[in-house]
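J.: This is the structure, below, for whatever I ask next.
Quick note: the coordinates plus some simple rules give every number you see, no bench work behind them. As the structure is a prediction and not an experimental result, all values here were calculated from the model. In this analysis, Cβ positions are derived from the backbone assuming ideal geometry, glycine residues included, and neighbour counts consider all displayed protein chains.
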Amino acid sequence: MKNQLLLIAGLFVAATLSAQDKPNFSSMEVNHIRVATPGLFSTGKSVFLNLDSLAEHEYAFPLPGAKVISAYGSRGGHSGADIKTCAKDTIRCAFDGVVRMAKPYSAYGNVVVVRHANGLETIYSHNLTNFVKSGDVIKAGEPIGLTGRTGRATTEHLHFETRINGQHFNPNLIFDLKEGTLRKECIKCTKNGKGVVVKTQAGKTKVDLAQQPGK
Ligand SMILES: [Zn+2]
């Protein structure tokens, strides 16, 4: 019995590692932005993003020096935040992860979707060019493309999204987008029906940044 349990635990660890190291994405995962993460809530109702335990080299602001030109939730439900520096500036991956999708995708233009630990996904859109492809294992700070205005965009900028289980939430919970700094806090993501409620644990960040379910 004990051996069986150990075997099961071992298989679980192997499955978790292989998802990170040798991605085997479905065609849905390679071709679409809004995709549920397989098995994300299989062991419990909540997953935690421990931003407070990340070392310096494990995160990077995607567009250093950028200013926010359109916040999350604006214009009737903006799915990300628009941040801007100049045309053809280098976009950097926010955390270590695996590129799930990199291609032109309707209004997003050239888009990159990166899957990180614990199901967090970051999305970089309207890029002039993408430097990465689906399946690439990348590190925080690695260049993934250049700012552009491909897709539906009126100026060169980065449309930056954060998602969990396919659902977008305010990226300002992860980064202080005005300051260009990581919020060193623990974020709790709780499954709620078809949606996910994303909240800061410690209460350092104001609650009004939280995602309204269903948007
Ligand atoms: Zn946008």
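J.: Using a 10 Å cut-off around each Cβ, can you sort HIS116, HIS32, HIS157, HIS57 from fewest to most neighbouring Cβ atoms?
T.: On the way: HIS116 20, HIS32 14, HIS157 26, HIS57 10.
Ascending number of Cβ neighbours within 10 Å: HIS57, HIS32, HIS116, HIS157.
J.: Shifting gears a bit: About its Cα centre, how strong a charge dipole does segment 25-209 have in debye, to the nearest 20, once Lys and Arg get +1 and Asp and Glu get -1 at the Cβ?
T.: Values: 24 positive and 16 negative charges, 107 e Å.
Around 520 debye, computed over segment 25-209.
J.: Going by how many other Cβ atoms sit within 10 Å of their own, how do LEU54, LEU182, LEU158 line up, fewest first?
T.: Working: LEU54 16, LEU182 20, LEU158 26.
Going from sparsest to densest Cβ surroundings: LEU54, LEU182, LEU158.
J.: Restricted to Cα positions, what overall size does segment 25-209 have along the principal axes? Three whole-Å values, descending.
T.: Ordered largest first, segment 25-209 gives principal extents of 41, 37, 36 Å.
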